[in-house]
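Report on the structure given below.
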Amino acid sequence: LTTVALTAMLSAPLVRLIDIPRYGIFVRGRSGSHKTEWSKAAMCLWGPDFADESSLIKFGSTWNSLVYMAASASDAPFFVDNYKPNNQNAAHFIQFVHMIMEGREKNRMAQNMSLQAAREINTIPLITGEDVPEDDGATQARLLIVPFAAWKGGIHERLNAAQADAHHLSAVGRAWIEWLERDGRDVAGRMMQDFNRYRARWAQALTSKRSDVLNPLRLASNLAANEIVYRIALQQPVIGPVLARYETEHLDGLRRLAGYMAETTAESMEAVRFLGMIKSMLLDDSAHIADLRVSPTSDERKLLIGWQDEETVFLHMQLTKRRIERAFGPYALSEMSDRQIWAQLESICLLYTSDAADDRTWG
């Protein structure tokens, strides 16, 4: 998996050079997974100062400072450490990711009513944290989420060795940049001509794993861009022979992440969470679905959200949403409209609709 993250970091100069699709890397792990230490060492490709703890940019920095630093990162990765969804604003995280993916900050009005020019952003974000906001699949689809398991092997000798020699890693970054400026741009441009073929192959792989993958084409773009950059780097005379030893591991890492991202984004779909909340309420007896052949008791009627026969469940949408909001809070479904939930359920082949008077039911 680290080969995938490292390849994304090599991608940063190509964003402006050949307009390669942009995505972010989120290294997900609990305390003790070495996610920050690994990221600090890897960032030393762009200079030894990144090994210094005092140089870390943390989530919780002001919005204006994050925007300014992202714009200043130019063609290097932008490393932001330690996002914690339990005590930091999810909307802030989502806004940050989308701003970088769009390639420029939002327009702003100065105090004298003049419009300030939006700064261009040409970086790729490297973010570490415990988790991403689970209820925003659109943001997750703009990332490759790389899970780091907790390290249980005592002292991490290989990471220690990398950290001890991290001040040499900028020679690798320099070789990469100089080659791109000299010969690599033409090589990269030729290889990008195959991008649509790579993306189609990854899209097929994603949808074969789950039919309810959210935004499979964007995820496929991320995976295809990573694979192409690795193949470009294989052509670099100094870096290529080293990366060639790990070509199989890199492809295996992409396949693992494809399955992981398919599961992660599908679970963030509102319709999937909608069904999960219904199951939870049925398990703890805070909702009831009556058998069409059996009249519900008075207590069951108070909890009624729908009916079922041998093959189909028919839910009353308004009763169901009211019960969900009572159990999980008013924003449990991200304020999704009935029609959007219907459309998502229909997209994963779980919806049969019928109109009866002014009421809409689905099964």
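The values are calculated or read from the model by the stated rules, or taken from the named source; none is laboratory data. Here the structure is a predicted model, which is why all the values come from computation and not from measurement. Heads up, the Cβs are rebuilt from the backbone with ideal geometry, glycines too, and the neighbour counts pull from every protein chain shown. Note: accessible area is taken over every heavy atom of the protein model, side chains too, but ligands, DNA and RNA are not part of it. Shrake-Rupley method; radii C 1.70, N 1.55, O 1.52, S 1.80 Å.
Structural remarks
- Spatial offset of region 140-186 relative to region 237-308 amounts to 33 Å, using the alpha carbon center of each.
- Whole-percent carbon and sulfur share, accessible surface of the chain, 1.4 Å: 50
- Inter-label distance for residue 160 and residue 217, nm, one decimal - labels placed 7 Å from Cα along Cα-to-Cβ: 5.1
- Virtual paramagnetic centre 7 Å along Cα→Cβ of residue 56, amide N under 16 Å, in region 16-33: 27-33
- Rg over Rh for region 154-197 works out to 1.27, both radii taken from alpha-carbon positions and Rh defined as the Kirkwood radius.
- Straight-distance candidates among the lysines for linking to residue 40, with alpha-carbon spacing under 24 Å and chain neighbours fewer than 8 residues away dropped: 58, 84, 152.
- Highest average packing first - 29-35, 126-132, Cβ atoms within 10 Å: 126-132, 29-35
- Within the chain, percent of DSSP bridges classed antiparallel, to nearest 5: 40
- Once both labels are positioned 7 Å from their Cα atoms along Cα-to-Cβ, the gap between residue 181 and residue 318 label points is 6.7 nm.
- Charge dipole of the chain about the Cα centre (unit charges at C-beta), most positive-ward option of 317, 61, 340: 61
- Taking 0.36 nm per residue of separation and subtracting the current Cα-Cα distance, fully stretching the chain between residue 17 and residue 293 would add 92.7 nm.
- Selected from 280, 207, 298, residue furthest toward positive end of dipole (region 171-306; charges at beta carbon): 207
- Cα-based Rg and Dmax for the chain, where Dmax is the largest Cα-Cα distance (Å): 24.0, 79
- Hits among lysines - C-alpha to C-alpha of residue 321 under 22 Å, sequence gap 8 or more where chains match: 279, 302
- Simple spin-label estimate for residue 207 and residue 68 gives 4.6 nm between the two label positions (7 Å along the Cα-to-Cβ direction from each Cα).
- Label point of residue 130 set 7 angstrom out along Cα-Cβ; within region 3-35, amide nitrogens under 14 Å from it belong to 28-33.
- Pairwise Cα distances in region 158-307 exceed 20 Å for 67 percent of all pairs.
- Across region 1-97, the mean sequence separation of Cα contacts (distance under 8 Å, 6 or more residues apart), normalised by length, yields a relative contact order of 29 percent.
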